[in-house]
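J.: Just dropping this structure here.
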Amino acid sequence: MSAAAPLRPSFAHASEAELARILDFYEVQWRYEPDTYPIGWNLDGDVVESFSPDFYLPDMELYVELTTLKQKLVRKKNRKLRRLRQLYPDIRIKLFYARDFRMLMLKFGRMALLDDMTGTTGQSTPPRPHDPAVSAPKAPVLTPTPALTTVAGETTVPDPVVGADAAGRPAADGEPDAPRDPMGVRRRRRGRRRRRVTADAAALPAGTLVAPVNDARPA
Amino acid sequence: MTHTADLHADIGEVLLSEEVIAAKVAELGRRIGADYAGRNLTLVSVLKGSLPFMADLMRQIALPLRIDLMEVSSYGGTSTESSGLVRIMKDLSASIADEDVLLVEDIIDTGLTLNYLMRYLRGKNPASLKICTLLDKPARRLVEIPVDYVGFEIPDQFVVGYGLDYGERYRNLRFVGVLRPEVYSTAD
């Protein structure tokens, strides 16, 4: 039996893989999407919207959400972030925009690779078996969602609780109201990683109400 | 890289003039001199960007201080570097045990390098370890580190000069300027 390759999550985007390599280089501990925070519930109390920050840096007690989409497409992510901060004021999260990532690449002299790591072209990179081992993910904080697991030598990422449309497809980025953008960016990204939907979420009718902030209760 | 032959032609805006920098360095020097009076101060500078700042700052501190230099490799995305093998390219030349160490930086943005250095230097058991930076770009901070002496907080722009480079150039500018985006947007 050959030696097992180091565990490395399947990053949804090349920019995430690059950030992971940068953090490794500077010996900053990180975990990839270890926690999912519910941020929207229907009137029955079912979670219909959630947010899974890309990285958690345990030494800093900081989440990092990386988005390299164009700024005008980041509005919904900003809204989710505001809601997350309203519901969970104790967590610290930093949103890394496309501009931030661009500056990071500029700083490290990696501008030539930028086009391959941002926006739609950076989606769904293949695993990099030569990368160093990833930090072991911690248990989810609030929902039994994506802990990196290894079964019979295969690395899998369990699916988080997400919303779904009437056809049972996962909502884009977990948002019932998220429109399908012309490039299908979010649908493709989340669809790849979060194919399975919980029975409750899949059964939700289209246009499910999301509880207002004051009524919202974390599960 | 598409820099022009004229050093100044690639600069879109002078952010900090030579005079403004000199005044701030003098002010920092006075503060540090007062704070460290009667103590064994060692200034540790990180090559190469901090070189002009270090050279000016140490001459503004009226104490019998020591200096030392380090060089740390930057992330470049290669597999060698990702393996964590390349780090300290030049280590301290003398022990800093029981010394009051002030790490002198040119700029702090993400804080990644500084975070690494602070952990490394703490392992050498200095009596104290603080940070002095000429420029601080807090908008881009990823790793929060308390900075004791800050010259200027600057906006989130790519700056060069007074030690700061782009592709190893522009360090010799006497001011801090904003590099014209077309210089790096068409690079490589």
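J.: Work out the mean other chain Cβ neighbour count within 10 Å for the residues of B:132-141 and drop it here as an integer.
T.: 1
J.: Whole-Hz ³J(HN,Hα) for each residue in region B:123-129, computed from phi via Karplus 6.51 cos²θ - 1.76 cosθ + 1.60 with θ = phi - 60°, x for glycine and proline: what do you get?
T.: For region B:123-129, the Karplus curve yields x, 9, 6, x, 5, 8, 9 Hz.
J.: Going by average Cβ neighbours within 10 Å, how do the peptides A:14-25, B:92-103, B:51-62, A:42-53 rank, with the highest at the top?
T.: Per-residue mean Cβ counts within 10 Å order the peptides as A:14-25, A:42-53, B:51-62, B:92-103.
J.: Okay, next question. Would you grab the residues whose amide H sits under 5 Å from the one on A:W30? Only those 5+ places off in sequence or on another chain, please, with H modelled 1.01 Å from N.
T.: Sorted by chain and number, the residues that satisfy this are A:S135.
J.: Using the Karplus equation 6.51 cos²θ - 1.76 cosθ + 1.60 (θ = phi - 60°), what ³J(HN,Hα) coupling, rounded to whole Hz, does each residue of region A:14-25 give in order, writing x for Gly and Pro?
T.: 4, 5, 5, 4, 5, 4, 4, 5, 5, 5, 4, 4
J.: Next question. Could you pull out every residue, at least 5 positions away or on a different chain, whose amide H is within less than 5 Å of the one on A:R92? Hs are placed 1.01 Å off N in the peptide plane, and Pro or chain starts have none.
T.: A:Y63
J.: Shifting gears a bit: Quick check on chain B: helices-only [θ] at 222 nm, where DSSP H runs of length 4 and up contribute -39,500 (n - 2.57) each and the sum goes over total residues. Nearest 500, please.
T.: My calculation for chain B gives -7000 deg cm²/dmol from helical runs alone.
J.: Evaluate peptide A:15-26: per residue, the Cβ atoms of other protein chains within 10 Å of its Cβ; return the mean as an integer.
T.: Working: counts 0, 0, 0, 2, 1, 1, 6, 7, 4, 5, 15, 16.
The mean count of partner-chain Cβ atoms within 10 Å per residue comes to 5.
J.: Once amide H atoms are placed 1.01 Å from N in the peptide plane, what residues at a sequence separation of 5 or more from B:G151, or on another chain, have their amide H within under 5 Å of its amide H?
T.: Amide H neighbours of B:G151: B:T133, B:L134, B:L135.
J.: For a footprinting-style exposure proxy, rank B:H8, A:H13 by other Cβ within 10 Å, fewest first.
T.: B:H8, A:H13
J.: So, one more: Within region A:21-38, list the residues whose amide N lies under 11 Å from a label point set 7 Å along Cα→Cβ of B:S74.
T.: Under cut-off, by backbone N: nothing.
J.: What's the average, rounded to a whole number, of partner chain beta-carbon atoms within 10 Å of each residue's beta-carbon in B:104-113? Intermediate results must be reported in sequence, preceding the final value.
T.: Values: counts 0, 0, 0, 1, 0, 4, 8, 3, 8, 3.
Counting other chains' Cβ atoms within 10 Å and averaging over B:104-113 gives 3.
J.: In what sequence do A:R83, B:R122 fall when counting other Cβ within 10 Å, fewest first?
T.: Listed from fewest to most nearby Cβ atoms, that is B:R122, A:R83.
J.: Same structure again: What helices does chain B hold that run 15 Å or longer along their axis, going by alpha-carbon atoms, with a Kyte-Doolittle average of -1.0 or more, using DSSP H for the helix calls?
T.: Flagged H segments are B:18-35, B:112-122.
J.: Same structure, new question: So if we plug the beta-carbon distance of B:K90 and A:I91 into 1/(1 + (r/R0)^6) with R0 = 51 Å, what FRET efficiency do we get, rounded to 0.05? Could the numbers behind the result be given before it?
T.: Working: r = 39 Å, r/R0 = 0.77.
Taking R0 as 51 Å, the efficiency between B:K90 and A:I91 is 0.85.
J.: So what's the net charge close to B:R180: Lys and Arg +1, Asp and Glu -1, counting the other residues with Cβ under 14 Å from its Cβ?
T.: Neighbourhood net charge equals -3.
J.: Next question, about the same structure. Evaluate E = 1/(1 + (r/R0)^6) for B:Q60 and B:K124, where r is the Cβ-Cβ distance and R0 equals 25 Å; express this FRET efficiency to the nearest 0.05.
T.: Working: r = 26 Å, r/R0 = 1.03.
Approximately 0.45, to the nearest 0.05.
J.: If you take the beta carbon distance between B:A37 and A:D44 as r and set R0 to 51 Å, what does 1/(1 + (r/R0)^6) give as a FRET efficiency, to the nearest 0.05?
T.: 0.15
J.: What is the order of A:Y56, B:Y120, fewest Cβ neighbours within 10 Å to most?
T.: Values: A:Y56 23, B:Y120 16.
Sorted ascending by nearby Cβ count, the order is B:Y120, A:Y56.
J.: Separate question: Which whole-Hz couplings ³J(HN,Hα) result when phi for each residue of region B:141-152 is put into the Karplus expression 6.51 cos²θ - 1.76 cosθ + 1.60, θ = phi - 60°, listed in order with x for Gly and Pro?
T.: Here the 3J(HN,Hα) series is 5, 10, 10, 6, 9, x, 10, 7, 10, 10, x, 9 Hz.
The numbers here are math on the coordinates, done by the rules we state, and not lab data. None of these values were measured; they are calculated from a predicted model. Backbone-built Cβ (ideal geometry, glycine too); neighbour counts: all protein chains shown.
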